[in-house]
Amino acid sequence: MTRIADAIAPHGGTLINRIASPEQKAEFLSKADHLPRISLDDRAVCDLIAIAIGAFSPIDGFMGQADYKTVVDDMRLANGLPWAIPVTLPVTDEQANTFSEGQLVRLDDPTGRFIGVLELTEKYHYDKTREALNVYRTNEEKHPGVAVVYGQGATYLAGPVWLLEREPDPRFPLYQIDPIDSRHAFRDKGWKSIVAFQTRNPIHRAHEYIIKCALEITDGLFLHPLVGVTKSDDIAADVRMRCYEIMLEHYFPRGRVILAINPCAMRYAGPREAIFHALIRKNYGCTHFIVGRDHAGVGDYYGTYDAQHIFDEFAPGELGIMPLKFEHAFYCKRTQSMATTKTSPSEPDERIHLSGTKVREMLRRGELPPPEFSRPLVAAELARAMQIPESYSI
């Protein structure tokens, strides 16, 4: 039987798998009580999982100094391959002094459970201000990504990692689709062009509009909301997932959408994170990636379309995945439909602009988003989650 080829190769050409075999796991467990250990925070756990399942291919561990420097300075790995966000394991100098290069280091989750192993190859210091300015375009500590960098240890540990076991996500086991599985699903469906959509916000009508525009020119949609670590004031992942389920049940064609969770943590790095998110979806097997207004932004740190402009800094085809760049969508009162400035004849006062930030602000004030913002069924779900009285009929 002829094997159907994937629509796109993983970044770097090989899908990384750093999940320990049963034999490797047994060996690691036999050494557990004798290994030096690190307690990972939630973001590091997300990174460990993403490395192990191949979402960060071709990265097979926490970055060494050569890769780290070229990523921070040039958005490339040391071998020249595009990569926009450093993937690192910080510790304090005191912790670092207890480890020796060449050791196996036990990786525990925040509860103390043994979940992985680091093959320690390198320890190095780094410039926090340089990382902040280059990756986040600011050194202000009120930026959530910068705050993480400034608050972490001064030494990075590097080396390949192993995840002891890929366990089902306790919150969304039905939607845990790893890169090897998504690629298999796309082949089964015969999809040759797959568009990915990334969001950390509840899906609203501007999202729906640009997603459906993208679906007009591709075979299928990979709806891939991020459920890893986010800011405390972002809408909870379980609420967002219920909103996606409602949208798929009522407003999207069956058979043309796959909903899956993205286990990665948010960095809020704006333009650089747009590249990062695109390459992650390339590893999942997607050929196209939607880049809308202020992708992965926070506050006023990035220009409205900086996350689109950054793709032009790479040669055509160099990233391997096609960005689909969309204008800011709004509800047009004149045409009574979703539109952008490219398609709407309306004046500015005839437009209702939509954003996840505005939805969150309304919910925090106890207000329900109007139908121009969110589909009523979705708004009702948000109202239930936030315990807000419904203000209009669904």
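The values are calculated or read from the model by the stated rules, or taken from the named source; none is laboratory data. The shown structure was predicted, so the numbers you read here are calculated from the model rather than taken from an experiment. Glycine gets a Cβ as well: all are built from the backbone with ideal geometry, and neighbour counts include every protein chain shown. These accessible areas exclude ligands, DNA and RNA; they are computed on the full protein's heavy atoms, side chains included. Shrake-Rupley method; radii C 1.70, N 1.55, O 1.52, S 1.80 Å.
Which of the residues spanning region 310-343 are in contact (Cβ under 8 Å) with a residue 12 or more places away in the chain, of a type outside the set (A, V, I, L, M, F, W, C) and within 19 Å of residue 280 (Cα to Cα)?
313, 318, 320, 323, 325
Which one of 101, 94 is in contact with a Leu (Cβ under 6 Å, 6 or more places away or on another chain), on the phi < 0 side of the Ramachandran plot and either in a loop (DSSP other than H, G, I, E, B) or open to solvent by 20 Å² or more (accessible area, probe 1.4 Å) (or both)?
Every option except 101 fails the conditions.
Take region 335-386 and flag every residue that is touching a Cys at 6+ places or on another chain (Cβ under 7 Å), among the hydroxyl-bearing types (Ser, Thr, Tyr) and closer than 14 Å to residue 201 by Cα.
none
Any residue at all in region 188-196 that is over 21 Å from residue 264 (Cα atoms), small (Gly, Ala, Ser), touching a residue at least 60 places away in the same chain (Cβ under 8 Å) and in contact with a Phe, Trp or Tyr (Cβ under 8 Å, 6 or more places away or on another chain)?
For region 188-196, residues over 21 Å from residue 264 (Cα atoms), small (Gly, Ala, Ser), touching a residue at least 60 places away in the same chain (Cβ under 8 Å) and in contact with a Phe, Trp or Tyr (Cβ under 8 Å, 6 or more places away or on another chain): absent.
Mind listing whichever residues of region 37-83 are within 25 Å of residue 112 (Cα to Cα) and either assigned to a strand (DSSP E or B) or touching a Ser or Thr at 6+ places or on another chain (Cβ under 6 Å) (or both)?
Within region 37-83, 37, 38, 39, 61, 62, 63 meet the criteria.
Pull up region 10-56, narrow it to residues that are in contact with a Pro (Cβ under 8 Å, 6 or more places away or on another chain) and of a type in the set (S, T, N, Q), then point me to the one that is surrounded by the most Cβ atoms within 10 Å (Cβ to Cβ).
Going through the qualifying residues, I end up with 39.
Conditions (1) assigned to a loop (DSSP other than H, G, I, E, B); (2) within 16 Å of residue 212 (Cβ to Cβ), marked per residue:
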site: 334; (1), (2): yes, no
site: 343; (1), (2): yes, yes
site: 349; (1), (2): no, no
site: 361; (1), (2): no, no
site: 366; (1), (2): yes, no
site: 381; (1), (2): no, no
site: 384; (1), (2): no, no
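When you scan region 299-340, how many residues do you find that are among the acidic types (Asp, Glu) and at pLDDT 95 or above?
Matching residues across region 299-340 total 4.
Which ones in region 231-261 are of a type in the set (Ser, Thr, Tyr) and open to solvent by 40 Å² or more (accessible area, probe 1.4 Å)?
232, 251
Given the conditions (1) open to solvent by less than 20 Å² (accessible area, probe 1.4 Å); (2) closer than 25 Å to residue 56 by Cβ, and given that residue 294 satisfies all but one, which numbered condition is not satisfied?
(1)
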